[in-house]
1. Go over the candidates 74, 63 one by one and state the one that is in a loop (DSSP other than H, G, I, E, B) and more than 22 Å from residue 166 (Cβ to Cβ).
2. Test of understanding: among 89, 122, which residue is at positive phi and either touching a residue at least 24 places away in the same chain (Cβ under 8 Å) or within 17 Å of the chain's Cα centre (by Cα) (or both)?
3. For a quick check of your reading of the model, give me the residue pairs whose first member lies in the stretch 1-19 and is in contact (Cβ under 8 Å) with a residue 12 or more places away in the chain, whose second is loosely packed, with under 10 Cβ neighbours inside 10 Å and in a loop (DSSP other than H, G, I, E, B), with beta-carbon atoms closer than 7 Å and at least 6 apart or on different chains.
4. So which of 171, 164, 135, 98 ends up being assigned by TED's automatic domain parsing to the domain that holds residue 84, farther than 23 Å from residue 71 by Cα and at pLDDT below 75?
5. Tally time: how many residues in the stretch 77-104 are closer than 15 Å to residue 117 by Cβ and either in contact with a strand residue (DSSP E or B) (Cβ under 6 Å, 6 or more places away or on another chain) or not in a helix (DSSP H, G or I) (or both)?
């Protein structure tokens, strides 16, 4: 929507010659959903060798290997949980460089309905900090508070739980992440719809 209140379609790209480049830049992390409705994305690797659609993005691997380790969370006390979390974080830190021999691996540590830590590093950390509105370029982990349910009647209970969990997590900043905190430079730009309180 332009300044006159008229809805119009705009194509914005990262090209420096694009007059709408600021709109593209804003959508890379300036605040999801605040700058219009995105109807279509075009993706390509920054170092794509040609305009051939088959060459624009990295090719998917021919095969993948998955490994899953599970714990009975009722048997995991605070000491053990902190040790597991420390070990996972230390491994992620050691392998966060773009040239790590484990750069192609992805890990997720967490409970399906709680706090999750996923690896977030590698090649994303070599993008210049001014290239997108999300300036964080020293990330090791991406953290998310999540919940889920199958029965619609459990919606209120689960949303209340995750809201309380999130507010406790950021109790020092009145229940919301602050952009100035180094640990939140990436995640704080993701819109969080469940923070609103219900009467």
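1. Unique residue meeting the criteria: 63.
2. Within the list 89, 122, the selection yields 122.
3. 1/7
4. Values: 171 fails: at pLDDT below 75; 164 fails: at pLDDT below 75; 98 fails: at pLDDT below 75.
Exactly one of 171, 164, 135, 98 is assigned by TED's automatic domain parsing to the domain that holds residue 84, farther than 23 Å from residue 71 by Cα and at pLDDT below 75, namely 135.
5. Matching residues across the stretch 77-104 total 4.
The values are calculated or read from the model by the stated rules, or taken from the named source; none is laboratory data. For clarity, every value in this text was computed on a predicted model and none was experimentally measured. No Cβ is skipped: glycine too gets one built from the backbone with ideal geometry, and neighbour counts run over all protein chains shown.
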